[in-house]
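Everything on this sheet refers to the single structure shown next.
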Amino acid sequence: MPSSRAHPLVAGRGLPPLRLCYVVGRVPHVTDETTGLDDARAALDDARRRLAEVPAEVVVANHAMGLYELAALHLAAEPPNLTGAQLAIDAVRALVEGLGDRLGTDADTLRAAVANIQMAYVEIARDA
């Protein structure tokens, strides 16, 4: 049988009484929440396994392109966010110049991408 009572800390303070409801002898059903957490952990473990199978240079090149895209988004904003774009450009340039040919077959493509986004920055900054 459910039971409820006003919590003594809120009674008489102009706040609505807090009602504590419970059923004697029953434990809340948590199987769905536990299963959801287990599913999330399994998905994360699977993603980690798949990521470990990809060569590191491919993952790093993908992150570099993410920084390139971030710079492009900041440049395309109205008005352009030149500070944000410059930070992203500096980050992608640091990766590409610092790692060079260690980026594998994507190294030349990334060098060209850095040059292109730097030119775009100069043109947009000039017009801003």
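Read-outs: derived from the displayed coordinates by stated rules, not from any lab. Because the structure is a prediction, the values reported are computed rather than measured. Positions of Cβ are generated from backbone atoms using ideal geometry, with glycine treated the same way; all protein chains shown enter the neighbour counts.
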Qualifying positions in the range 95-119 - hydrophobic (A, V, I, L, M, F, W, C) and within 26 Å of the chain's Cα centre (by Cα) = LEU95, VAL96, LEU99, LEU103, ALA107, LEU110, ALA113, VAL114, ILE117
request  = Could you please tell me which pairs satisfy a Cβ distance under 6 Å, a separation of 6+ or placement on different chains, a first residue in the range 54-74 that is closer than 12 Å to ALA120 by Cβ and free of Cβ contacts under 8 Å to residues at least 40 places away in the same chain, and a second residue that is of a type in the set (A, V, I, L, M) and surrounded by 14 or more Cβ atoms within 10 Å (Cβ to Cβ)?
outcome  = HIS74/ALA85
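Quick grid of which residues meet (1) within 28 Å of ALA128 (Cβ to Cβ); (2) surrounded by 14 or more Cβ atoms within 10 Å (Cβ to Cβ); (3) of a type in the set (Phe, Trp, Tyr):
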{"site": "ASP45", "(1), (2), (3)": "no, no, no"}
{"site": "ARG48", "(1), (2), (3)": "no, no, no"}
{"site": "TYR68", "(1), (2), (3)": "yes, yes, yes"}
{"site": "ALA72", "(1), (2), (3)": "yes, yes, no"}
{"site": "LEU75", "(1), (2), (3)": "yes, yes, no"}
{"site": "GLN86", "(1), (2), (3)": "yes, yes, no"}
{"site": "VAL96", "(1), (2), (3)": "yes, yes, no"}
{"site": "LEU99", "(1), (2), (3)": "no, yes, no"}
